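Heads up: the structure comes next, in structure tokens.
The values are calculated or read from the model by the stated rules, or taken from the named source; none is laboratory data. Note that this is a predicted model, so its numbers are computed, not measured. Glycine gets a Cβ as well: all are built from the backbone with ideal geometry, and neighbour counts include every protein chain shown.
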């Protein structure tokens, strides 16, 4: 149980285009999902917290107009990287918390490797 | 702001030896401390976690200790095996509207056969 999927697993896009990444909780409901970015040989940096039915909470320094987050249902959150540039190339990982199970544990998706050329 | 420091950044041990990774957190209200193992290009996997009402927790070869007064927690891996080689991250929960995790900087563990 507690499986989180992400799509796509990898994507290559041209500079200036937008890319959408999906995060789904497959067998549980998640009112809260988290989006992280991880550069090579670095730690996971929280970008924003996605709340079902409300606006996302962004961490300091993360541009909300560039990284659009939508959490339209209890099983799906999307991250759209708008006007992507090479410096946005990174590993994007989502996680979700199980509403019914409670507690603080987060279940991580497999990640999406974004390369902007 | 909230911060989690992790040491060492790299650790090389011989197979069968023990490995210890240490973390320090800044938010005294934190009450949940998970440890993750991440292999290259993969998702972080929870290997053990501890809550603030417990000082130690063990699961086979893995143990975590917590010193709330000093705001320190440590991961102990005994009888290391080559398949333990990976990057390990500690994290601390920051209580608030979102109850978010703040991650340490990671430790690259290499177990030499």
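Here's a check for you: in the range B:28-38, which residue that is within 14 Å of chain A (Cβ to nearest Cβ) and more than 10 Å from the chain's Cα centre (by Cα) is surrounded by the fewest Cβ atoms within 10 Å (Cβ to Cβ)? Applying the filter and picking the extreme gives B:29.
The set of residues in the range A:81-117 that are part of a loop (DSSP other than H, G, I, E, B), at pLDDT 95 or above and closer than 26 Å to residue B:30 by Cβ comprises A:109, A:111. For the range A:1-46, the candidate set comprises residues that are without any contact (Cβ under 8 Å) to a residue 40 or more places away in the chain and part of a strand (DSSP E or B); within that set, the residue that is surrounded by the most Cβ atoms within 10 Å (Cβ to Cβ) is A:46.
Within the range B:75-108, restricting attention to residues that are part of a strand (DSSP E or B) and away from chain A (no Cβ under 14 Å), the residue that is nearest to residue B:23 (Cα to Cα) is B:75. For the range B:52-74, a residue qualifies if it is within 15 Å of the chain's Cα centre (by Cα), within 14 Å of chain A (Cβ to nearest Cβ) and either in contact (Cβ under 8 Å) with a residue 40 or more places away in the chain or loosely packed, with under 14 Cβ neighbours inside 10 Å (or both), but none of them does. The condition of being surrounded by fewer than 18 Cβ atoms within 10 Å (Cβ to Cβ) and free of Cβ contacts under 8 Å to residues at least 40 places away in the same chain holds for only one of B:16, B:41, that being B:41. For the range A:47-65, filtering for residues that are more than 12 Å from chain B (Cβ to nearest Cβ), within 26 Å of residue B:104 (Cα to Cα) and either loosely packed, with under 15 Cβ neighbours inside 10 Å or touching a residue at least 24 places away in the same chain (Cβ under 8 Å) (or both) leaves 2. In this structure, does residue A:72 turn out to be closer than 23 Å to residue B:99 by Cβ and exposed (fewer than 14 other Cβ atoms within 10 Å of the Cβ)? So residue A:72 fits the description; yes.
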